[in-house]
Amino acid sequence: MEITGNLATPYIPDLPEGLPRLSVRVTAFIDGHEQFLATCSAQASGSPMPFRVHLDPLSLDGLEQVTLEALCTIGLGAEAVVARATQTLAIADVLQGMPLELNLDAVDAAAQASQKYPVEPLVFGLSGQIVVPPELRVEAAYLDAHLLLIQEDGYSNRYASNLAEHSLYLRNGGAPFSMFLDAASVPEGRQAKLHLGLYDLERTVLLAGNVVKNLDLSSPPDLSNIVLRKPRR
């Protein structure tokens with residue numbers, strides 16, 4: 001099951017390194033508590049930017065609606081949010097699969113006024129299927145996919161290295177993932193790697209994982225059957 005559409009933000013700030021991020025987060029209230037269901041994000045030089053967030057159908061059992069929060073951010077934390085939008089979506093509408101148009105509002109109107117309206121970026125997609133072997137499955141976990149750019153110094157641990165990501169609350173034996181990438185975020189000739197991980201609900205224990213190394217985004221390999229492995233201790 002998936003929610004698709006476009007994110008439109010009124011402005012995209014310039015950063016000294018990397019690009020701002022556009023993201024969509026899906027949550028629901030279960031037994032009086034907010035439960036994270038899925039998220040996707042990507043660096044973006046312009047707008048609108050397409051998105052596709054996958055949901056585990058088992059995580060929607062008994063729900064009548066979900067809440068979507070769309071953000072444009074320039075870092076980490078609440079102060080990094082420069083534009084946002086929220087929308088409540090009935091499960092019946094999720095099942096229909098109609099694309100959404102999420103228009104973000106600037107947090108600071110003065111900052112928006114000093115910026116040019118963003119132009120539509122050149123976008124390409126990356127998708128695949130993650131499989132959790134039966135012996136590594138648990139009742140509920142978080143399944144993450146992070147696409148990291150390898151910097152000129154060989155590292156990929158900076159905030160600007162995170163090109164795109166997808167995460168979902170998993171109660172199944174695997175799930176698809178999708179990422180839309182802004183071509184401006186990928187320097188020509190630079191390779192990337194795809195980190196995949198199954199985490200416990202506290203996100204403190206890696207239950208299973210895999211890494212696709214030396215990923216050429218101009219000609220990506222077949223990612224339709226990525227099997228997670230037990231982590232090395």
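Just so it is clear, none of the values below were taken in a lab; they were calculated from the coordinates. Everything numeric in this text was worked out from a predicted model, so none of it was measured. For neighbour counting, all protein chains shown are included, and Cβ atoms are generated from backbone atoms with ideal geometry for every residue, glycine included.
Observations, loosely collected:
- In this structure, the amide hydrogen of Ser47, modeled 1.01 Å from its nitrogen in the peptide plane, lies closer than 5 angstrom to those of Val119, Glu120, counting only residues at least 5 positions away or on a different chain.
- With a Förster radius of 35 Å applied to the C-beta separation of Ser127 and Glu17, the computed FRET efficiency comes to 0.80.
- Segment 53-80-segment 186-233 distance, computed between alpha-carbon centres (Å): 22 Å
- Cβ-Cβ FRET estimate between Tyr159 and Leu63, R0 fixed at 25 Å, reported to 0.05: 0.15
- Phi-based couplings in Hz for segment 93-98 (Karplus 6.51, -1.76, 1.60; Gly and Pro marked x): 6, 4, 5, 5, x, 6
- Rel. contact order, % - alpha carbon contacts under 8 angstrom, at least six apart, the chain: 23 percent
- Amide H contacts of Glu2 (H built 1.01 Å from N, in plane; Pro and chain starts excluded): Leu55 sit under 5 Å, all sequence-distant by 5 or more or on other chains.
- With a Förster radius of 25 Å applied to the C-beta separation of Glu79 and Ala184, the computed FRET efficiency comes to 0.50.
- From phi via Karplus (6.51, -1.76, 1.60), per-residue ³J(HN,Hα) for segment 70-78 in Hz, x at Gly/Pro: 10, 9, 10, 10, 10, x, 10, x, 4
- Amide H contacts under 5 Å for Leu170, placed H, 5+ residues apart: Ala141, Tyr142, Leu143
- Segment Asn225-Phe29, length gained on full extension (0.36 nm per residue, minus Cα span): 67.3 nm
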